[in-house]
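Written below as structure tokens is the structure these notes are about.
The values are calculated or read from the model by the stated rules, or taken from the named source; none is laboratory data. From a predicted model like this one, the values you see are computed outputs, not experimental measurements. Glycine also receives a Cβ, built like all others from the backbone with ideal geometry; neighbour counts cover every protein chain displayed.
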């Protein structure tokens, strides 16, 4: 049968199981949109292409599977690039499909022409420039396979308009599975033989450690990895710290969860890393916001690193032992090895080595001992260590950390809310209204509100806290919430934003209203670019350059103009009853909350300082 390039794209997306795509049509992608309108795929019309990418991210971050966004050539594709770069930075699987000018016009500075392929190359996991319609038969399934295999990321497919219209003979559609690469075939993946040997050495190191820490990153943010980590933790107790991207992997109320590490991390988490003698780093890449000054991050620790991306091993900090594999692959093996070692130790007293042979293992850098594993002594010290960090967590948790003192409060913000307490109470308020905590998902924009949420919102499950981490993109929250709501229609999504971030993509309230999605948007109003304002306060002698808003729009009226009901949480004490009303399942709601601009996100680590020397 003869099919056009556009028909092939749509049929391949349907074959891939894609139900929803987000985008905006334009001249160079109209042939594809013509076919899309005849298909089973639901199209979400956004008001700016960046939002299409973030909606796809909301779907992908929630499901763990690649989602699709679309844009036309030139400015459309370029607007999409920010969301693509964000996906690359946070390892989110996306397939972005862009239209391009006719093949004969490429390179002539034609109307709405830009080198999308060239521009995308540094910010995608893979980019494909299509020249013939038959290439799409392999490009589409290949794009999904690449986006999802190994360390996930975005793949872009750029298709000229004439290729979308051109016909070709199609005998059969390739299967996606034919393009998939098993985990073992991911580049530089640790072999099975080497893995078992390394696992046994890692278990030895853990059993001899006296101050170990489990450091988790976004590579653990899945149900499978979370279960595997819980099983490990039940066998081997140690403090747990996370990156921003791993929030929810361990329940926030777990007594050994010391919280997020880094620039705005908790004091106990930063102390745990600084004083540790061994760090088991899983699915994490030691980014600069977490480590600060790398030489002062975990200066006395031996690092055991598990990550699917070989490029991250030894990139920032050297590892004594490492595995290139998924967290959920290594952790059950490590749990078994550690459990075996503990059983031997409890049955035979002092036992060394888990790998056969002489029963001795040369270990250095763990406190200057003999190199022989005195497991019972180490176990006793580990328990004391875990209790010390758990005690620090109890002692240092406070809703007043960073609150302005009486003389610092800003005129006009009398009676403003404590953002930490407000965020911590959201699940209980939702439950009062009739929505269970497990039926909530959270997205955030970027700024102070993001860090307040990371520190104080009680995240308990993986894939339930969606935020822009590495790229730190303002405007992420609202469209990501739309994507999360589309992917999980049985949940209520809370979008936490600020009066700076929300204006970046506020036009997507139209998209939210059109689709009647269960999203509650909560905006902290402090009339500043809060994080910029705070850094200027601490680092630039209160020289507030371009961080104060001279005027403030009425956000509730703007929401009302889009057809979305709202409430002021400062004047309406029962706002949550409407915001979380289970009988309004498909109705969005908009909430404003006044927050004093002198509220600080603390701890805060100034540049050049160790994390433990944070302003507290």
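For residue 128, the requirement of being in a helix (DSSP H, G or I) and either within 31 Å of the chain's Cα centre (by Cα) or at positive phi (or both) is not met. Taking the conditions (1) more than 25 Å from residue 241 (Cβ to Cβ); (2) over 15 Å from the mean Cα position of the chain (by Cα) in turn, residue 440 satisfies each one other than (1). Just one of the numbered conditions (1) over 28 Å from the mean Cα position of the chain (by Cα); (2) outside the structural domain of residue 313 (by TED's automatic domain parsing); (3) assigned to a helix (DSSP H, G or I) is not true of residue 113: (3).
Examine the range 267-278 for a residue that is over 15 Å from the mean Cα position of the chain (by Cα) and under 22 Å from residue 189 (Cβ atoms), and state whether such a residue exists. Show your work before the answer.
Within the range 267-278, the first condition is being over 15 Å from the mean Cα position of the chain (by Cα), and the residues that meet it are 267-278.
In the following step, the residues that additionally are under 22 Å from residue 189 (Cβ atoms) were identified as none.
For the range 267-278, residues over 15 Å from the mean Cα position of the chain (by Cα) and under 22 Å from residue 189 (Cβ atoms): absent.
Of the residues making up the range 470-491, those that are under 28 Å from residue 596 (Cα atoms) and surrounded by 24 or more Cβ atoms within 10 Å (Cβ to Cβ) number 8.
Please verify whether residue 192 is touching a helix residue (DSSP H, G or I) at 6+ places or on another chain (Cβ under 8 Å), without any contact (Cβ under 8 Å) to a residue 24 or more places away in the chain and surrounded by fewer than 20 Cβ atoms within 10 Å (Cβ to Cβ), treating the condition exactly as stated. Taking the combined requirement at face value, the residue satisfies it.
Can you pull out the residues in the range 1-28 that are crowded, with 18+ Cβ neighbours inside 10 Å and part of a strand (DSSP E or B)? Correct list: 3, 4, 21, 22, 23.
When the helices (runs of 4 or more DSSP H) confined to the range 245-354 are screened for residues that are in the same structural domain as residue 206 (by TED's automatic domain parsing) and more than 30 Å from residue 614 (Cα to Cα), those reaching at least 2 such residues are found at 327-348. Among the listed residues 120, 104, identify the single one that is surrounded by 24 or more Cβ atoms within 10 Å (Cβ to Cβ) and assigned to a helix (DSSP H, G or I). Only one candidate qualifies: 120.
To keep it simple, each residue is scored yes or no on (1) outside the structural domain of residue 444 (by TED's automatic domain parsing); (2) over 29 Å from residue 406 (Cβ atoms); (3) under 25 Å from the mean Cα position of the chain (by Cα).
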residue: 520; (1), (2), (3): no, yes, yes
residue: 524; (1), (2), (3): no, no, yes
residue: 553; (1), (2), (3): no, yes, no
residue: 578; (1), (2), (3): no, yes, no
residue: 581; (1), (2), (3): no, yes, no
residue: 595; (1), (2), (3): no, no, no
residue: 605; (1), (2), (3): yes, no, yes
residue: 613; (1), (2), (3): yes, no, no
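With the structure loaded, tell me whether residue 494 is surrounded by 19 or more Cβ atoms within 10 Å (Cβ to Cβ), touching a strand residue (DSSP E or B) at 6+ places or on another chain (Cβ under 6 Å) and not assigned by TED's automatic domain parsing to the domain that holds residue 528 or whether it fails that test. So residue 494 does not fit the description; no.
Only residues that are outside any loop (DSSP other than H, G, I, E, B) and more than 25 Å from residue 398 (Cβ to Cβ) were counted in the range 553-590, giving 19. Counting the residues of the range 61-89 that are touching a helix residue (DSSP H, G or I) at 6+ places or on another chain (Cβ under 8 Å) and on the phi > 0 side of the Ramachandran plot gives 1. In this structure, does residue 582 turn out to be buried (at least 23 other Cβ atoms within 10 Å of the Cβ), over 17 Å from residue 475 (Cα atoms), in contact with a strand residue (DSSP E or B) (Cβ under 9 Å, 6 or more places away or on another chain) and at pLDDT below 95? In short, no. Do we find a residue being in a helix (DSSP H, G or I), modelled with pLDDT of 90 or more and crowded, with 18+ Cβ neighbours inside 10 Å anywhere in the range 374-383? Yes; the residues of the range 374-383 include at least one that is in a helix (DSSP H, G or I), modelled with pLDDT of 90 or more and crowded, with 18+ Cβ neighbours inside 10 Å. Residues in the range 212-223 include at least one that is under 19 Å from residue 288 (Cα atoms) and over 18 Å from the mean Cα position of the chain (by Cα).
Being buried (at least 17 other Cβ atoms within 10 Å of the Cβ) and closer than 25 Å to residue 493 by Cβ narrows it down to one residue among 76, 58; which is it?
Working: 76 fails: closer than 25 Å to residue 493 by Cβ.
The match here is 58.
Among the residues of the range 58-67, is any in a helix (DSSP H, G or I), touching a strand residue (DSSP E or B) at 6+ places or on another chain (Cβ under 9 Å) and within 15 Å of residue 505 (Cα to Cα)?
Step one: filter the range 58-67 for residues in a helix (DSSP H, G or I), giving 58-63.
Retained after the next criterion (residues that are touching a strand residue (DSSP E or B) at 6+ places or on another chain (Cβ under 9 Å)): 58-62.
Right, trim to within 15 Å of residue 505 (Cα to Cα) and you get 58.
Yes, there is a match, as at least one residue in the range 58-67 is in a helix (DSSP H, G or I), touching a strand residue (DSSP E or B) at 6+ places or on another chain (Cβ under 9 Å) and within 15 Å of residue 505 (Cα to Cα).
Scanning the range 500-524 for residues that are buried (at least 24 other Cβ atoms within 10 Å of the Cβ) and free of Cβ contacts under 8 Å to residues at least 60 places away in the same chain returns 500, 501, 502.
Inspect the range 493-504 for any residue being at positive phi and either modelled with pLDDT of 95 or more or not in a strand (DSSP E or B) (or both) and give the result as yes or no. No, every residue in the range 493-504 fails to be at positive phi and either modelled with pLDDT of 95 or more or not in a strand (DSSP E or B) (or both). Pairs linking a residue in the range 260-276 that is at positive phi to a residue that is surrounded by fewer than 24 Cβ atoms within 10 Å (Cβ to Cβ), with Cβ atoms under 8 Å and 6 or more positions apart or on different chains, are 262/289; 262/291; 262/605.
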